[in-house]
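Reading through the C-alpha cells given below for one structure.
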Amino acid sequence: LSFSIEEYNELGGSYGSTLRDKAIILEALLDLNQPPDVVVKLVEDIASELSTDTQYSTQTLGFSLKSLGRYLMEYSKDISKDSVEGSIQYADGQSISFSSNKVLESIPIFSGFGQPIKVTLNNKNAHRNQSTFVQINWEGVPDPLSLPKINEKIRVKRTWFDDEGTAISVDNLTQGDTIWGHYKVDRISAKNKQPLDELALTQILPSGWEIDNTRLSNEALPSWARKFDLGKEEYLDIRDDRLSWFFDLKKTQSEIEFLVKISVVTPGNYTLAPTLAEAMYDHSYKSIIPAQKVVVSTP
C-alpha cells in the first residue's frame with residue numbers, strides 16, 4: 001500500500017486527518033518490525049509537520065506523538081551513547097556548559113526572555129552520525145486585554161440588552177441590574193456550506209456578575225426574545241464563572257443564536273474576558289471578541 005494520504009481534515013466523525021493517518025501507518029510499520037530505512041521518511045514527514053506553527057487536534061497530536069515516541073523507544077538502541085557536549089550563552093553574556101547522553105535533555109532558562117541565545121556544540125560531536133536539534137519552549141498566561149479581534153472562517157457577534165430588550169453598553173453598570181447577552185455565530189463566507197462539526201462558544205464573566213440559570217428556574221423568556229431562534233445547541237455547560245455552548249452548523253444553517261441572563265451583583269472594577277468561538281478540532285475556524293474593562297457601581 002502507498003504511504004501517501006489524500007489531504008483531508010475531519011471536524012467530527014473519526015476526527016481523522018492526513019497527519020493522523022500517517023501516524024497510524026507508522027504504528028503499523030513498527031508492529032511489522034520494519035527496519036529504520038523503511039520508516040525514516042515517514043518519521044521525518046510527521047516530525048516536520050509537527051514542527052510547524054499549525055495547531056492540530058488532540059486526535060492528530062495524540063497519534064503523531066505516540067507513533068514518534070514508539071519509533072524513538074524502539075530504535076534508541078541504535079543511537080550512539082556518546083554524550084553531546086557544548087555550551088549555552090545567554091542574552092546577558094553568562095555561559096554554562098552541558099553534557100548529556102539522553103535522547104532528550106531539558107535545560108531551563110530563567111532570564112532574557114525573548115532575546116537570542118547561542119548554543120555551541122564541542123568539536124568531539126562532529127563525528128557523530130546523528131543530528132542534534134535545539135528547541136526553545138516557553139509557557140505563561142497571556143494578558144486577556146492584549147488579544148485582538150479575530151474572525152477566521154467563522155464570526156461571533158455579541159449584543160447586550162436590558163430587561164426591556166433595549167441594546168445597552170456594559171461598560172458601566174449598577175449593582176442590581178439585570179442584563180441579557182445575545183450571541184450569534186455564523187460563517188464568514190456564504191459560499192462555504194460544508195457542515196461544521198464540534199464548534200464551541202465560551203464566555204467567561206467578570207466576578208461581579210452572576211449567571212441566572214433559567215434552565216433550572218424554568219423562567220419564561222421575555223417577549224422581545226422570541227424573535228431569536230434559540231435552543232439549537234447540542235449542549236450548554238453552565239459553571240460559576242462561565243458558559244460554554246457546544247453545537248454544529250449543518251449544511252442548511254448559516255448561523256446559530258444563544259441568549260443568557262445575568263445579574264450584576266458586586267460593585268467593583270472588572271475585566272470582561274474575550275468571547276471565543278472556535279472549531280474544537282480545527283483551529284483555523286476561530287472568532288474572538290476582545291476583552292474589555294467593566295465597572296459595577298453602587299445604586
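Can you say whether S57 is in contact with a strand residue (DSSP E or B) (Cβ under 9 Å, 6 or more places away or on another chain) and either at negative phi or charged (D, E, K, R) (or both), as far as the supplied structure shows?
Values: in contact with a strand residue (DSSP E or B) (Cβ under 9 Å, 6 or more places away or on another chain): yes; either at negative phi or charged (D, E, K, R) (or both): yes.
In short, yes.
Need the failing condition index for V156 against (1) over 30 Å from M280 (Cα atoms); (2) of a type outside the set (K, R); (3) in contact (Cβ under 8 Å) with a residue 24 or more places away in the chain; (4) not in a loop (DSSP other than H, G, I, E, B), just the number.
Here V156 clears every test but (1).
Need pairs with beta-carbon distance below 7 Å; first residue outside any loop (DSSP other than H, G, I, E, B) and within the stretch 288-299, second modelled with pLDDT under 95; sequence gap 6+ or separate chains.
I288/L147
Restricting attention to the stretch 84-100, which residues are modelled with pLDDT under 90 and either touching a Phe, Trp or Tyr at 6+ places or on another chain (Cβ under 8 Å) or closer than 14 Å to F133 by Cα (or both)?
Matches in the stretch 84-100: V84, E85, S100.
S48 versus (1) in a helix (DSSP H, G or I); (2) over 23 Å from N137 (Cα atoms): which is the lone unmet condition?
Only one criterion in (1) in a helix (DSSP H, G or I); (2) over 23 Å from N137 (Cα atoms) is unmet by S48, namely (2).
Identify all residues within the stretch 224-255 that are among the hydroxyl-bearing types (S, T, Y), assigned to a loop (DSSP other than H, G, I, E, B) and either open to solvent by 80 Å² or more (accessible area, probe 1.4 Å) or touching a Pro at 6+ places or on another chain (Cβ under 6 Å) (or both); write none if there are none.
Listed by number, the list holds a single entry, T252.
Within the stretch 166-187, how many residues turn out to be in a loop (DSSP other than H, G, I, E, B) and surrounded by 13 or more Cβ atoms within 10 Å (Cβ to Cβ)?
3
For the structure I just gave you, tell me whether K102 is closer than 30 Å to K261 by Cα, of a type in the set (K, R) and open to solvent by 70 Å² or more (accessible area, probe 1.4 Å).
Criteria not met by K102.
Taking the stretch 7-30 on its own, how many of its residues are in contact with a helix residue (DSSP H, G or I) (Cβ under 7 Å, 6 or more places away or on another chain) and either open to solvent by less than 60 Å² (accessible area, probe 1.4 Å) or without any contact (Cβ under 8 Å) to a residue 40 or more places away in the chain (or both)?
Looking only at that region, the number is 13.
Among the residues of the stretch 31-58, write down those that are open to solvent by less than 100 Å² (accessible area, probe 1.4 Å), out of contact with any Asp or Glu (no Cβ under 9 Å at 6 or more places or on another chain), touching a residue at least 12 places away in the same chain (Cβ under 8 Å) and of a type outside the set (D, E, K, R).
V39, L42, V43, I46, A47, L50
Suppose we filter L221, L121 for residues that are surrounded by fewer than 16 Cβ atoms within 10 Å (Cβ to Cβ) and touching a helix residue (DSSP H, G or I) at 6+ places or on another chain (Cβ under 9 Å); which single one remains?
L221
Hey, S263 hits all of (1) surrounded by fewer than 18 Cβ atoms within 10 Å (Cβ to Cβ); (2) at pLDDT 95 or above; (3) closer than 24 Å to K153 by Cβ; (4) of a type in the set (S, T, N, Q) but one; which does it fall short on?
Failed condition: (3).
The values are calculated or read from the model by the stated rules, or taken from the named source; none is laboratory data. Fair warning: this is a prediction, and the values are worked out from it, not measured in the lab. With ideal geometry, Cβ positions are generated from the backbone for all residues, glycine too; neighbour counts draw on all protein chains shown. Remember, those area values only see protein heavy atoms, side chains included, never the ligands or the DNA or RNA. Shrake-Rupley method; radii C 1.70, N 1.55, O 1.52, S 1.80 Å.
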